[in-house]
Amino acid sequence: MAIAPISNTYEDFIKAFHPKSGLDLKFYKQNQMQRRILSFMNSHGYPTFPEFFKALNSDQSLYDAFFKHLTINVSQFFRDTNQWKTLKESIIPQLLQSKSPLKLWSAGCSSGQEPYSLAMTLMEYFPNSKFTVLGSDIDINVLNQAKEGLYKQNDFASTPPEFLQKYFISTDKGYQIKESVKRLVTFQHQNLLTDRFQTGFDFIACRNVVIYFTDEAKEMLYKKFTDALKPGGILFTGSTEHLFGMQHLGLKAVSSFFYQKG
Ligand SMILES: C[S@@+](CC[C@H](N)C(=O)[O-])C[C@H]1O[C@@H](n2cnc3c(N)ncnc32)[C@H](O)[C@@H]1O
């Protein structure tokens, strides 16, 4: 199919990129996004938006590399050790006072390190607990890696060594997560900005996902998360993501980076 020509502007590029990718870049801060896009174009030898857009339509590996560059899917098991300590020592014990199985969600889960860390925390420290973990992401490639569950040494920089021994099998390709952890986590392809959410969550982690979102997009997303939480449920944010001025959403800080729905 012929590709309609676009002009050499950021606005025209993001308008044309949206139906192709499902990613509406108007929800992302223009300065930072434009800079990221231009640096990618530059390093791949495309001087203008029309030439670059044409190439994206004919070269699937260029498209995949660009999508990965835009969505920035760096992650790690137990990223931000102190927060995982708080989670284990105070947040989860409080949530477990409810009798029903816990429903947890890692929104923007990259290749699965965060949802698997949640599952391992519950298995290790709360062995009698019942729970499910959902991991979702907009990038189908990272979700496929998550489902495969094969990791490299640098994914474990913040992982207690005993977890690596207990929950992974060392293979010549890397560390394979055990089936006992895998079966507790399901993965879903989802755009947080436009798709509908499930409801009734006890716990939602959304960390290091909103960095490039506009303030309006962040507020809309935190409102959707609040609606998706049960009363008393917890939203866990990234270590640079404070919900200043969002009291009107009905979330109150119970610890740094943990917010509870009233
Ligand atoms: C830096 S990773 C964070 C992974 C993990 N939460 C952590 O903190 O280690 C950000 C992830 O958010 C995903 N993401 C970005 N925009 C998204 C959107 N609109 N909907 C769903 N996922 C999105 C990216 O694909 C990427 O995998």
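Read-outs throughout are calculated quantities, based only on the coordinates presented, and are distinct from any laboratory measurement. Since we're looking at a predicted model, the values are computed, not measured. Virtual Cβ from ideal backbone geometry, glycine too; neighbours counted across all protein chains shown.
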Amide proton proximity set for PHE187, modelled H, under 5 Å, gap of 5+: GLY135
Burial order of peptide ranges 102-114, 135-147, 86-98 (average beta-carbon count within 10 Å, highest first): 102-114, 135-147, 86-98
Simple spin-label estimate for HIS189/GLN165, 7 Å along Cα→Cβ, in nm, reads 4.0
Provide the percentage of antiparallel DSSP beta bridges, counting only those with both residues in the chain; round to the nearest 5. 40
Taking 0.36 nm per residue of separation between GLN30 and GLU179 and subtracting their Cα-Cα distance, the length gained on full extension comes to 49.5 nm
Asserting the computed 222 nm helical MRE of the chain (DSSP H runs at least 4 long, -39500 (n - 2.57) per run, divided by residue count, to nearest 500) equals -11500 deg cm²/dmol
Can you tell me which aspartates and glutamates have their Cα less than 17 Å from the Cα of LYS152? Leave out same-chain residues fewer than eight positions away. GLU114, GLU162, ASP172
Hey, could you pull the Cα Rg and Dmax for the chain, both in Å? 19.6, 59
Gain upon complete extension [SER39, ASN128; 0.36 nm per residue less C-alpha separation]: 27.1 nm
Leaving out same-chain residues fewer than 8 places away, which aspartates and glutamates sit with a Cα under 17 Å from that of LYS26? GLU11, ASP12, ASP195, ASP215, GLU216, GLU219
From the cross-link list LYS54/LYS182; LYS182/LYS230; LYS85/LYS178; LYS166/LYS218, the entries with a Cα-Cα span beyond 28 Å are LYS54/LYS182; LYS166/LYS218
